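What follows is calculated from the coordinates using simple rules that are stated; it is not laboratory data. Since this is a predicted model, take the numbers as computed values, not measurements. When we count neighbours, we look across all protein chains shown, and the Cβ atoms used for this are built from the backbone with ideal geometry, even at glycine.
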Amino acid sequence: MTTLNSPLTLKNISLRNRLVLPPITTNYGSSKGLVTQDILHFYKERSRDMGLVIVEATSVHATGRIVPGSLGLWDDSQISGMAKLVKTIQKQGAVAIVQLNHAGAKCIPEKNKRHGFSPSSVVFRPDVEPMTMNAEDIVQLIHDFSKAAVRAQKAGFDGVEIHGAHLYLLSQFLSPLTNKRKDRYGGDAKGRATLALEIVRDVRKNLGPEYPIFFRINAEERILGGQTLEDTVVIGRLLADAGVDVFDITLIAQGGWKEVDNKILLTGSSALPKDQPSGANVALTIAFKKEIGLPVIAVGKFGIGQAAVNAVKNEKIEMIAIGRQMICDPKTAGKMLAGNDKDIIACDECLKCFATIGKGERMACKVNQDLPF
Ligand SMILES: Cc1cc2nc3c(=O)[nH]c(=O)nc-3n(C[C@H](O)[C@H](O)[C@H](O)COP(=O)(O)O)c2cc1C
């Protein structure tokens, strides 16, 4: 019988259990994208019991940062700090991978630089003018992902995760809401997958056949006209053929269009609304897994209760990610593994964590005043 404590082998990596720290942008990095003491503290505290730790969205280019303190792998000078972070995580017994991202037009504003990369210039922030990418920009982006992946490998990470979710740049290409291109990078789900496929193939070529590549994808976008599960299955099959080993399944749980400063913006959040139960994404994750067959990670309000245990035991989902609950109580994973979920200090879903980074501030939590610990 598979339990949360069962080990798992994925290619050449072995996880001691089924629990995963999903990527969580903390805004604790330096303005140069470097690892800081606070980053080391945050990850050390949350690696103690985890099988796998996925380091937060790390930018492949200086213009692709989500927040001013996003970590970076766009320059060789960032490798040594990342190597320290890898050692910190591995010393606690967890496997360490890093999420590679370009925020596209969801990036922080930059003066006098070409930024705001976008498939079709949909606006996300009133202070960032999107810039429709041309063929040259696309070649550069593929190159940036591959170079960052090679730096991740040099830093000692056990694998990389390509961020294809949450309406950041690759997700904007995958989504019919944001990709209106008439060239080969747009059109139906297969066309919209072209950029992600070219990136995965190039990263695979550069990292070699054995190096684990994860891909984070929205199972669906709950916005009228958004990416459907059907689209995601088409895209998932293509990505699997291109070299993805594991899918990290997430979603746009809520969002839509709104007017700010006379601009129509698209908003989207990965957080399930309060009225949704723990493990509410399990059915979507199973539906994707059934079609693709590769190992998956499920996410969505896991922590207190039996949802994680059941997803692994009954539904055969390989891994369970615990987000906000690990910000709030870093001992959550250990308590779940010991069957002591009643001792978990509950996240009250106030969304202060999202709100603080959304304002460009350091991530804070109403319950855990001791962050980064
Ligand atoms: C403050 C904060 C930052 C996040 N940053 C990232 C990120 O960098 N990359 C990513 O893929 N997801 C990010 N997420 C989403 C989480 O990985 C996770 O999917 C989400 O919180 C849902 O899981 P939960 O219900 O257990 O919190 C973030 C979530 C929070 C709360």
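Taking amide H as placed 1.01 Å from N in the peptide plane, the amide H of V67 sits under 5 Å from none that are at least 5 places away or on another chain.
Of the GluC sites (Glu not before Pro) found in the range 177-241, those in coil by DSSP whose Cβ has at most 13 other Cβ atoms within 10 Å are E210. Along the range 268-285 the Karplus relation, 6.51 cos²θ - 1.76 cosθ + 1.60 evaluated at θ = phi - 60°, assigns HN-Hα couplings of x, 10, 8, 7, 5, x, 4, 7, 8, x, 4, x, 5, 8, 4, 4, 4, 5 Hz to successive residues, with x for each Gly and Pro. Sequence-ordered 3J(HN,Hα) estimates for the range 52-68 from the Karplus curve with 6.51, -1.76 and 1.60 and θ = phi - 60° stand at 9, 10, 9, 5, 3, 3, 10, 7, 8, 8, 4, 8, x, 7, 7, 9, x Hz, glycine and proline given as x. Think of the chain as a dipole: +1 on every Lys or Arg Cβ, -1 on every Asp or Glu Cβ, centred on the Cα centre; then among G81, G303, V246, G81 lies furthest on the positive end. Counting only the backbone N, which residues of the range 146-187 are under 12 Å from the spot 7 Å out from the Cα of R114 toward its beta-carbon? Flagged as within label range: none.
With 0.36 nm allotted per residue and the present C-alpha distance subtracted, the T3-R237 stretch has 81.4 nm of extension available.
Treating only the Cβ atoms of Lys and Arg (+1) and Asp and Glu (-1) as charged, compute the dipole magnitude of the chain about its Cα centre; round to the nearest 20 debye. Provide the component values of the computation, followed by the final result.
On the way: 47 positive and 39 negative charges, 81 e Å.
Result for the chain is approximately 380 debye, rounded to the nearest 20.
Along its principal axes, the range 8-358 has C-alpha extents of 52, 42, 41 angstrom, given from the largest down. Taking the DSSP beta bridges with both ends in the chain, the antiparallel portion is around 25 percent. Relative to one another, the C-alpha centroids of the range 35-53 and the range 330-369 are positioned 14 Å apart. Among residues other than V98 with Cβ under 9 Å from its Cβ, the summed charge is -2 (Lys and Arg +1, Asp and Glu -1). For the range 215-256, the equivalent ellipsoid built from the Cα gyration tensor has semi-axes of 21, 11, 5 Å, listed from largest to smallest. Putting +1 on Lys and Arg Cβ atoms and -1 on Asp and Glu Cβ atoms, find which of G279, G156, L169 reaches farthest to the positive end of the dipole of the range 8-358. Going by the charge dipole, the pick is G156. Spatially, the range 304-322 and the range 122-181 are offset by 30 Å when compared through their Cα centroids.
Over the residues of the chain, the helix contribution to mean residue ellipticity at 222 nm works out to -9500 deg cm²/dmol, using -39500 (n - 2.57) for each DSSP H run of at least 4. In the range 247-373 the Cα-Cα distances spread across 10 Å bins starting at 0 as 12, 37, 33, 15, 3, 0 percent of all pairs.
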